[in-house]
């Protein structure tokens, strides 16, 4: 069984998907974490921006990247190193949309996502799961929320991580990312035609989880 959960930043995808998977004893795959790992690698290696638009150079860069996600803890490993915390840094959030827009990156990540999910009962979250990665998913959900609410959620996460940033700056970043994600040429953020949309603005995580679990059980 494939459960696709899509939506913009701060809509509650990650936490909700983890809890849904745990409650139903399914595998959970955070596809956004994969793109974040690629973005982190490029930032840490100080790779020139010109290389990102060169197919051969980008192919070589991706050949040097190995991404693994622990089935038990969901920790993300980049070339053998646990980078679960680093990929959530604001510098990565600011850059990941640009990386995600590169067609070769998306091709590699989609292939890896399908490979990991093959033969498993899995909950996948991202921005193009129900539209591109698994267009025939058993259940498709699109989570959304008011941008100010999403900004508040993201702001609290960053403050908890020790980052110094203002709420206004976080909201501006989310609005910018929404625009980039929804207008990119390859696999833009959009709601699949057959997805169930859930507005999470006033919903608790538990309420989101219960609603999705109910959808899954109805379709099972």
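The values are calculated or read from the model by the stated rules, or taken from the named source; none is laboratory data. Because the structure is predicted, anything quoted here is derived from the model rather than measured. Note that we place each Cβ from the backbone using ideal geometry, even for glycine, and neighbour counts take in every protein chain shown.
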Subject >> Residues located in the stretch 189-203, provided they are part of a loop (DSSP other than H, G, I, E, B) and surrounded by fewer than 16 Cβ atoms within 10 Å (Cβ to Cβ) >> reply: 193, 194, 201, 202
Original post:
When the stretch 104-132 is examined, which residues are found to be assigned to a helix (DSSP H, G or I) and in contact with a helix residue (DSSP H, G or I) (Cβ under 9 Å, 6 or more places away or on another chain)?
Top reply: 104, 105, 106, 108, 109, 110, 112, 113, 114, 117, 129, 132
Subject >> Selection status of residue 216, under 25 Å from residue 88 (Cβ atoms), more than 17 Å from the chain's Cα centre (by Cα), touching a residue at least 24 places away in the same chain (Cβ under 8 Å) and in a helix (DSSP H, G or I) >> reply: no
Original post:
So which helices (runs of 4 or more DSSP H) are wholly in the stretch 4-80 and hold at least 2 residues that are at pLDDT 90 or above and surrounded by fewer than 20 Cβ atoms within 10 Å (Cβ to Cβ)?
Top reply: 13-24, 31-44, 55-63
**OP:** State yes or no: is residue 206 in a helix (DSSP H, G or I) and loosely packed, with under 15 Cβ neighbours inside 10 Å?
**Re:** yes
**OP:** Search the stretch 186-211 for residues that are at negative phi and without any contact (Cβ under 8 Å) to a residue 60 or more places away in the chain and pair each with any residue that is surrounded by fewer than 18 Cβ atoms within 10 Å (Cβ to Cβ) and assigned to a loop (DSSP other than H, G, I, E, B) when their beta-carbon atoms are under 7 Å apart and the residues are at least 6 apart or on different chains.
**Re:** 197/191; 201/146
**OP:** Would you mention how many residues in the stretch 95-134 are surrounded by fewer than 20 Cβ atoms within 10 Å (Cβ to Cβ) and touching a strand residue (DSSP E or B) at 6+ places or on another chain (Cβ under 9 Å)?
**Re:** 4
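Table: residues versus (1) at pLDDT 95 or above; (2) under 27 Å from residue 113 (Cβ atoms).
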{"site": "125", "(1), (2)": "no, yes"}
{"site": "128", "(1), (2)": "no, yes"}
{"site": "140", "(1), (2)": "yes, yes"}
{"site": "154", "(1), (2)": "no, yes"}
{"site": "158", "(1), (2)": "no, yes"}
{"site": "163", "(1), (2)": "no, no"}
**OP:** Determine whether the stretch 170-182 contains at least one residue that is assigned to a loop (DSSP other than H, G, I, E, B) and more than 20 Å from residue 89 (Cβ to Cβ).
**Re:** no
